[in-house]
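*Asks:* First the structure, then my questions, so here it is.
Laboratory data are not the source of any read-out in this text; all were calculated from the coordinates shown. Quick caveat, the model's predicted, so the values are computed rather than measured. Every residue, glycine among them, receives a Cβ derived from its backbone with ideal geometry; neighbour counts consider all protein chains shown.
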Amino acid sequence: MNCVNTIICHRLNDQESAESVSSWIGTRNAFTVTAQLSVMQGDTGMGTVKQNREFIVHPDVVKQELNVGEAIYASKVGGFGWGKVRIKLA
């Protein structure tokens, strides 16, 4: 996949293959928000916000969220674009 510029990927059941596709598509900046809770008080008003990276298309989407006739489309031609597409079945 090193020389590929466009991927159309239907559902994959293999974790390694799904991770490979997700890695090829790439990551984006994201934030993880946590909250501290107390058994007696509930929300304490304390927590954290941490900047991290996350998959643009998570491997679980490729493994579990694509139905028959659906695929993930990603292209690095003329910029970057991706989405879930419906494939017309004959």
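*Asks:* What angle, in degrees between 0 and 90 and rounded to the nearest 10, separates the Cα long axis of helix 15-25 from the longest principal axis of the Cα atoms of the chain?
*Replies:* The angle comes out at about 90 degrees.
*Asks:* Which loop GluC sites (Glu not before Pro) in the range 22-90, with loop taken from DSSP, have no more than 16 other Cβ atoms within 10 angstrom of their Cβ? Don't skip to the answer; put the middle values down first.
*Replies:* Details: sites: GLU54, GLU65, GLU70; in loops: GLU65.
For GluC sites (Glu not before Pro) across the range 22-90 that sit outside H, G, I, E and B with at most 16 neighbouring Cβ atoms in 10 Å, the list reads GLU65.
*Asks:* Rg (Å, one decimal) plus Dmax (Å, integer) for the alpha carbons of the range 6-86?
*Replies:* Answer for the range 6-86, Rg first and Dmax second: 17.3, 55 Å.
*Asks:* While we're looking at this one, here's another question. To the nearest 0.05, what FRET efficiency results for GLU65 and VAL4 with a Förster distance of 25 Å applied to their C-beta separation?
*Replies:* Details: r = 22 Å, r/R0 = 0.89.
The value I calculate is 0.65.
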